[in-house]
Amino acid sequence: MDVVVQWVRTSWTKRSRGGPAAAVRNAAPVGFVLPLRRCPVVHEVLMDEAHGFEPRESFRDGQPDRADVLLKESDGRLRVELVVTPWGMPRRWRRPPAVWLEPGEWVRWQVNYRFSSRLREWGYRLDTLNLACGPTAVDVFMGSPTRHVDERGLLR
């Protein structure tokens, strides 16, 4: 089964938690046009405070890393489960269940984190997984998803 994965990862520090910098960060897109490549493809878009939240794209052929997302095909459907990092806060003791996709469907799964550094400065990250099952158009992730899982928490 063809799977197309797009990771959109936005990261920032306390400097972008309020005011004009936060407005720029909050305006960052959560979906992008895919590169013109054959399936399966993993497309990653990084945006961070240090680069003014300008998108930096990369892509690779193949399946997503099992450390990021678990996939299982059964009876022509695809089971998708996001794996959260154990290093970020807030802790997620209760997680949403996995999502089942039919061919032609896609999910947008969002999760955010707060990290501490050795310098005791907080860092923040929003991860958005856009994942489509089956052949897709290059602009599939620009529209509304078939399923949306919002696992964003309060980051204080």
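The values are calculated or read from the model by the stated rules, or taken from the named source; none is laboratory data. Owing to the predicted nature of the structure, the values given are computational and were not obtained by experimental measurement. Neighbour counts are summed over all protein chains in view; Cβ atoms, including those assigned to glycine, are modelled from backbone coordinates with ideal geometry.
For the range 1-29, enumerate the residues that are of a type in the set (S, T, N, Q), surrounded by 14 or more Cβ atoms within 10 Å (Cβ to Cβ) and assigned to a helix (DSSP H, G or I). 16, the sole residue that qualifies.
Tell me, which residue of the range 137-156 that is assigned to a loop (DSSP other than H, G, I, E, B) and among the β-branched types (Val, Ile, Thr) is modelled with the highest pLDDT? Ranking the candidates gives 146 first. Taking the criterion of being touching a Cys at 6+ places or on another chain (Cβ under 7 Å) and in a strand (DSSP E or B), would at least one residue in the range 116-136 satisfy it? Checking the range 116-136: not a single residue is touching a Cys at 6+ places or on another chain (Cβ under 7 Å) and in a strand (DSSP E or B). Restricting the range 70-107 to residues that are closer than 30 Å to residue 13 by Cα and aromatic (Phe, Trp, Tyr), which is nearest to the chain's Cα centre (by Cα)? In this case the residue turns out to be 87.
Every condition in (1) closer than 17 Å to residue 127 by Cα; (2) in contact with a strand residue (DSSP E or B) (Cβ under 9 Å, 6 or more places away or on another chain); (3) of a type in the set (A, V, I, L, M, F, W, C) holds for residue 27 except the one numbered (2). Candidates in the range 30-77 are the residues that are among the polar types (S, T, N, Q) and closer than 21 Å to residue 140 by Cβ; of these, the one that is surrounded by the most Cβ atoms within 10 Å (Cβ to Cβ) is 63. If the condition is being under 26 Å from residue 29 (Cβ atoms) and either free of Cβ contacts under 8 Å to residues at least 60 places away in the same chain or in a strand (DSSP E or B) (or both), then the range 57-69 contributes 57, 58, 59, 60, 61, 62, 65, 67, 69.
Taking the criterion of being of a type outside the set (Lys, Arg) and either modelled with pLDDT of 95 or more or not in a strand (DSSP E or B) (or both), the residues of the range 32-43 that qualify are 32, 33, 34, 35, 36, 39, 40.
Checking 96, 86 one by one, the residue that is part of a loop (DSSP other than H, G, I, E, B) and under 27 Å from residue 135 (Cα atoms) is 96 and no other. What do you reckon, is residue 103 in contact with an Asp or Glu (Cβ under 8 Å, 6 or more places away or on another chain) and either assigned to a strand (DSSP E or B) or not small (Gly, Ala, Ser) (or both)? Against the criterion (in contact with an Asp or Glu (Cβ under 8 Å, 6 or more places away or on another chain) and either assigned to a strand (DSSP E or B) or not small (Gly, Ala, Ser) (or both)), residue 103 does not qualify. Note on the range 68-100: among residues that are aromatic (Phe, Trp, Tyr) and modelled with pLDDT under 95, the one that is nearest to residue 5 (Cα to Cα) is 87.
Pairing each residue of the range 127-149 that is farther than 20 Å from residue 1 by Cα and in contact (Cβ under 8 Å) with a residue 24 or more places away in the chain with any residue that is aliphatic (A, V, I, L, M) and not in a strand (DSSP E or B), provided the two are 6+ apart or on different chains, yields C-beta distances under 6 Å for 128/30.
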